[in-house]
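Below is one structure, written out as structure tokens; comments come after it.
The values are calculated or read from the model by the stated rules, or taken from the named source; none is laboratory data. Predicted model, so just to flag it, every value in this text is computed and none were measured. Cβ sites come from the backbone with ideal geometry, for glycine too, and all protein chains shown count toward neighbours.
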Amino acid sequence: MIIKNLVKQKRVKIKTKNSDETIDLGKKIGKSLLPGDLLLISGELGAGKTTLIKGIAKGLDIDLYVKSPSFVIVSEYSGKYKLYHIDLYRLDGEEIYNLGLFEFLENGVVCIEWADKLKNSFNDLEHIKIDIEVVNEDRIFNIILNGEEVIKRCIALQ
């Protein structure tokens with residue numbers, strides 16, 4: 001009999017009231033990240049995915065302006081570690097799998113917007129999954145920390 005190794009999970013729900021609070025949340029997340037960390041971020045258009053990643057970049061000591069990579073698919077930023085900001089909005093199916101997402105993980109932190117298009121491709125890896133809900137003017141961040149190491153490092157979110 002084969003027993004699948006279950007990944008330990010921790011769920012956290014955080015509400016922000018404006019973009020400054022969303023950036024602050026991103027900074028907290030960014031300060032706990034290491035190369036090889038994967039963040040899968042989903043939410044409707046305008047939910048705050050890129051704003052959160054701007055904060056993550058600040059937490060990684062990246063001084064450059066972070067913008068949505070919708071038309072270039074992948075943006076790379078250097079700071080404490082490399083940050084790969086990937087936007088899957090304009091891609092489907094095989095185009096997504098031809099990006100070589102695992103190669104980016106070898107070199108830095110990877111944040112993927114519209115990660116719901118991946119259809120659970122990374123469930124066996126430790127990762128952070130963030131689903132953003134818009135409620136009136138507030139943003140609700142439903143965060144799932146997948147894996148013991150990620151849970152330990154992201155203590156500021158718990």
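For the residues F102, F122, the requirement of being surrounded by fewer than 20 Cβ atoms within 10 Å (Cβ to Cβ), at pLDDT below 95 and part of a loop (DSSP other than H, G, I, E, B) singles out F122.
Just one of the listed residues (L83, L60, L91) is more than 14 Å from T50 (Cα to Cα) and either buried (at least 19 other Cβ atoms within 10 Å of the Cβ) or under 17 Å from the mean Cα position of the chain (by Cα) (or both), namely L60. Looking at this structure, is Y89 of a type in the set (S, T, Y), at pLDDT 80 or above, in contact with a Phe, Trp or Tyr (Cβ under 7 Å, 6 or more places away or on another chain) and over 24 Å from V12 (Cβ atoms)? Yes; evaluated as a whole, the condition is true for this residue.
Of the candidates G26, G36, the single residue that is within 17 Å of the chain's Cα centre (by Cα) and at pLDDT below 95 is G36. Residue count for region 33-50 satisfying the condition of being out of contact with any His (no Cβ under 8 Å at 6 or more places or on another chain), under 15 Å from V110 (Cβ atoms) and not β-branched (V, I, T): 6.
Of the residues I130, I155, the single one that is crowded, with 17+ Cβ neighbours inside 10 Å and on the phi < 0 side of the Ramachandran plot is I130.
Tell me the residue from T51, T22 that is closer than 27 Å to E149 by Cα, hydroxyl-bearing (S, T, Y) and without any contact (Cβ under 8 Å) to a residue 60 or more places away in the chain, please. The match here is T51.
For region 125-158, which residues satisfy the criterion of being in a strand (DSSP E or B), more than 14 Å from the chain's Cα centre (by Cα) and not acidic (D, E)?
Looking only at region 125-158, we keep the residues that are in a strand (DSSP E or B), and these are 127-135, 138-146.
Now drop any that are not more than 14 Å from the chain's Cα centre (by Cα), which leaves 133-135, 138-140.
If the condition is that a residue be in a strand (DSSP E or B), more than 14 Å from the chain's Cα centre (by Cα) and not acidic (D, E), then V134, V135, R139, I140 are the ones that fit.
Assess whether G46 counts as being more than 18 Å from K27 (Cα to Cα), small (G, A, S), touching a residue at least 24 places away in the same chain (Cβ under 8 Å) and surrounded by fewer than 18 Cβ atoms within 10 Å (Cβ to Cβ). The answer is yes for G46.
Just to be sure before I move on: is D116 under 13 Å from the mean Cα position of the chain (by Cα), among the charged types (D, E, K, R) and modelled with pLDDT of 90 or more in the structure I sent?
No, not satisfied.
Between Y77, Y65, which is of a type in the set (F, W, Y), surrounded by fewer than 17 Cβ atoms within 10 Å (Cβ to Cβ) and out of contact with any Phe, Trp or Tyr (no Cβ under 7 Å at 6 or more places or on another chain)?
On the way: Y77 fails: surrounded by fewer than 17 Cβ atoms within 10 Å (Cβ to Cβ).
Just a single option satisfies the conditions, and that option is Y65.
When I53 is tested against the conditions (1) modelled with pLDDT under 90; (2) in contact with a His (Cβ under 7 Å, 6 or more places away or on another chain); (3) closer than 21 Å to N142 by Cα, the lone failure is (1).
Checked against (1) assigned to a loop (DSSP other than H, G, I, E, B); (2) within 27 Å of Q9 (Cα to Cα); (3) polar (S, T, N, Q), T51 passes all but a single condition, namely (1).
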